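**Student:** Mind having a look at this structure? Questions to follow.
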Amino acid sequence: MSVCYNNYVKINAKTFIGTKPEFVLKTVFGYDSFRPFQKEIITEVLKGHDVLAIMPTGGGKSICYQIPALIMDGITVVVTPLISLMQDQVSSLETSGIHAVFLNSTLDWKNYKEAMDDIRSKNAKIIYVSPEGLATGKIRDFLSEDGIKVDCITVDEAHCVSEWGHDFRPDYLEIRSIRRLFPDAVMLALTATATEQVRKDIEKNLNLKKPKVFISSFNRSNIFLEVQQKQNALDQIIACIKKHLGESGIIYCFSRKQVDELTSVLDNLGYSAMSYHAGLTDEVRAKHQELFIKDEVQIMVATVAFGMGINKPNVRFVINYGLPKSLEVYYQEIGRAGRDGLPSSALLIYSPSDVNKIRYFFDEAADPAKSEALLQGMLNFAVSRKCRRESLLGYFGERYDSENKSPEEKNCCCDICAGGEIPLNDVTIPVQKLISCIIRTGERFGTNYIIDILLGSRNKRILENGHNMISTWGIGNELSKMDWLSLTDLLIQEGYLFKAGDYHILTMTAKGRDLIVTREKVLLPIIFHKKKEDTSGFTAFPKPSKKMPDYIVHKKSEKIVAEKPAATDEEAEKIIQELKAWRKRKADDMNVPPYIIFGDKTMLDIAAKKPQDKTELLNVYGMGNTKVENFGRAILRIVRGE
């Protein structure tokens, strides 16, 4: 992606050497205060202490190395896995007046040499490289030249260094050897998701020297968490899209075939959608991604191959059509939503068959037992009846007290909290049928097999075992397979059943055996849908209207909050629409995504505050000095209605 910034104001790279972090934050980035742990991390880096920082997606990780890079005398090397992410970060810095470069295969020799010359002359103090690039002699020899001083090595997506991480990349293991070349450089490791095991691996495999460890809250309070059992796949997907018409979203599918089928259906229904998976050529994938980040396409339907390099802040919804293989993967994927802090949603739609699809690949995994443990964590989250946020944060070792939240906060939290407590229902008869079936088959089979018997399946294994002849065969047709699965999961949570052994055989507990003897009434918090699971794929759905949603701003915990226009402020709505149109034209002219000019949060703040001159514009969220100089005149003309 070729971008020209020659016609725009730039800041001398040496301007901020030795200055205060707060001064850089306001002058360059237009923010009045730091987000949690940003200042502490920056302070430690400036002191020369290695740092491991775990911060959620959208938590402001880039600020943690960009500000020290401008303050320190030498250069900062940023190791990041994807070319698109390098380009995005460089474009963002350039529009803020800061010259930065990347060294990768997209550059011809002329531009590559110009980038190296900018580093040598200290016109650029931030250099982005891939782990593969950093391992080459060419880049290592360049960084070792006389006159080049490496002050900081930043490792982004540091979880990739751990085999317990959700995206392990062997090339990351080579980064530790860079310490021998630059022993005096401070190292900053950044990631959005890291369990205790992954954190230990990062410290060890990057050879961090007594690092200061900062673990920010994993809570993304602006993302509404929702889990649905698959009933009618397309209807459920469309219902979510209709809540976000005209807004950007990502739909993750399990397979390339699902991606292609769903993309075709959405396109035929009039939605702006494109596909992304490993079966497409590099050129096609790059083109589709570019159209998405530039807001030319609203919906990206993709496999897990898509997402890590996406820095797009205005993704308003993420749909997981199928169970992710771990909560780390799930958290990383839903983290693509709402990076700007505005209200967004994460919908997981799953079915029992997802588990078998994932397990099918366990034989290829380096550690099948570890893969199974990760999958169980994901499955437990999906079937849990308690607050989704509490379950998710608890997995990462963070306590979230859902009981003490206000009604407003609970409604913004997840589907469980927003829906209120599920009433207790009498499930005595279904429970007796299920337990009876488990006992009559000798407590030797897993959940799906037991449910297939209850539903009267004639599959080969059931017939060979003669279980089509027992009294519980076919007596459970009043419930769907999904309802039986939900009931089984709930009985496990309530302590009546447990899964034993590697094959997760359903076995009775003492509490369950007591139930057989007492035959007491069983009341559980469950609602049966009584619908057959949709296994046929996607079905036709009426073409929706194109009504645009209202603009709202979610309550945030950070100190500086962009204002929102009043609901009755018609002038503000007009300003928003004109700013969006101008931002898109300017972005196209500069060949960058619209959010590089300014984000939705800044746009809402402009419409609410209605600045009349450049001084007032500097008080808008995200408007630094350079952006005001480069774009202020056009913005002010729109606000004034000129």
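The values are calculated or read from the model by the stated rules, or taken from the named source; none is laboratory data. Everything quoted here is computed from the prediction, not taken from an experiment. Neighbour counts run over all protein chains shown; Cβ positions are idealised from the backbone, glycine included. Surface accessibility is based on the protein's heavy atoms, side chains included, excluding ligands, DNA and RNA. Shrake-Rupley method; radii C 1.70, N 1.55, O 1.52, S 1.80 Å.
**Student:** Please enumerate the residues belonging to the stretch 425-469 that are among the aliphatic types (A, V, I, L, M) and in contact with a helix residue (DSSP H, G or I) (Cβ under 8 Å, 6 or more places away or on another chain).
**Tutor:** Hits for the stretch 425-469 are Val427, Val431, Leu434, Ile435, Ile438, Ile439, Ile450, Ile451, Ile453, Leu454, Leu455, Ile462.
**Student:** Which of the residues that make up the stretch 430-456 are open to solvent by 30 Å² or more (accessible area, probe 1.4 Å), free of Cβ contacts under 8 Å to residues at least 40 places away in the same chain and in a loop (DSSP other than H, G, I, E, B)?
**Tutor:** Correct list: Gly442, Leu455.
**Student:** Quick check, is Lys110 under 24 Å from Asn625 (Cα atoms), more than 24 Å from the chain's Cα centre (by Cα) and among the basic types (Lys, Arg)?
**Tutor:** no
**Student:** Further question: Can you work out which of the residues in the stretch 492-518 that are of a type in the set (Val, Ile, Thr) and free of Cβ contacts under 8 Å to residues at least 24 places away in the same chain is least open to solvent (accessible area, probe 1.4 Å)?
**Tutor:** Thr509
**Student:** Which of the residues spanning the stretch 12-36 are outside any helix (DSSP H, G or I) and surrounded by fewer than 20 Cβ atoms within 10 Å (Cβ to Cβ)?
**Tutor:** Correct list: Asn12, Lys14, Thr15, Ile17, Gly18, Thr19, Lys20, Asp32, Ser33, Pro36.
**Student:** Considering (1) at pLDDT below 80; (2) in contact with a Gly (Cβ under 7 Å, 6 or more places away or on another chain), say which one Arg339 fails and leave the rest.
**Tutor:** The number of the failed condition is (1).
Residues are listed down the side, and each one gets a yes or a no for (1) open to solvent by 50 Å² or more (accessible area, probe 1.4 Å); (2) under 23 Å from Tyr595 (Cα atoms); (3) assigned to a strand (DSSP E or B):
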residue	(1), (2), (3)
Gln231	no, no, no
Gln236	no, no, no
Cys240	no, no, no
Gly246	no, yes, no
Ile250	no, yes, yes
Gln258	no, no, no
Glu261	yes, no, no
Leu266	no, no, no
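For (1) open to solvent by 30 Å² or more (accessible area, probe 1.4 Å); (2) among the β-branched types (Val, Ile, Thr); (3) more than 16 Å from Cys412 (Cα to Cα); (4) not in a helix (DSSP H, G or I), each residue gets a yes or a no:
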position	(1), (2), (3), (4)
Ala337	no, no, no, yes
Leu342	no, no, no, yes
Ser345	no, no, no, yes
Lys357	yes, no, yes, no
Ala373	yes, no, yes, no
Gly377	no, no, yes, no
Asn380	yes, no, yes, no
Ser391	no, no, no, no
Glu398	yes, no, yes, yes
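**Student:** Please work out which residue is least open to solvent (accessible area, probe 1.4 Å), limiting yourself to the stretch 170-200 and to residues that are of a type in the set (D, E, K, R) and within 26 Å of Asn219 (Cα to Cα).
**Tutor:** Out of the qualifying residues, it is Arg199.
**Student:** In addition: Just one of Ile71, Ile42 is over 27 Å from the mean Cα position of the chain (by Cα) and either farther than 30 Å from Asn219 by Cα or open to solvent by less than 30 Å² (accessible area, probe 1.4 Å) (or both); which is it?
**Tutor:** Of the residues listed, the single one that is over 27 Å from the mean Cα position of the chain (by Cα) and either farther than 30 Å from Asn219 by Cα or open to solvent by less than 30 Å² (accessible area, probe 1.4 Å) (or both) is Ile71.
**Student:** Which fully enclosed helices (runs of 4 or more DSSP H) of the stretch 106-169 have 1 or more residues being within 14 Å of Gly74 (Cβ to Cβ), touching a helix residue (DSSP H, G or I) at 6+ places or on another chain (Cβ under 6 Å) and open to solvent by 10 Å² or more (accessible area, probe 1.4 Å)?
**Tutor:** Because the criterion is at least 1 residues that are within 14 Å of Gly74 (Cβ to Cβ), touching a helix residue (DSSP H, G or I) at 6+ places or on another chain (Cβ under 6 Å) and open to solvent by 10 Å² or more (accessible area, probe 1.4 Å), no helices (runs of 4 or more DSSP H) in the stretch 106-169 meet it.
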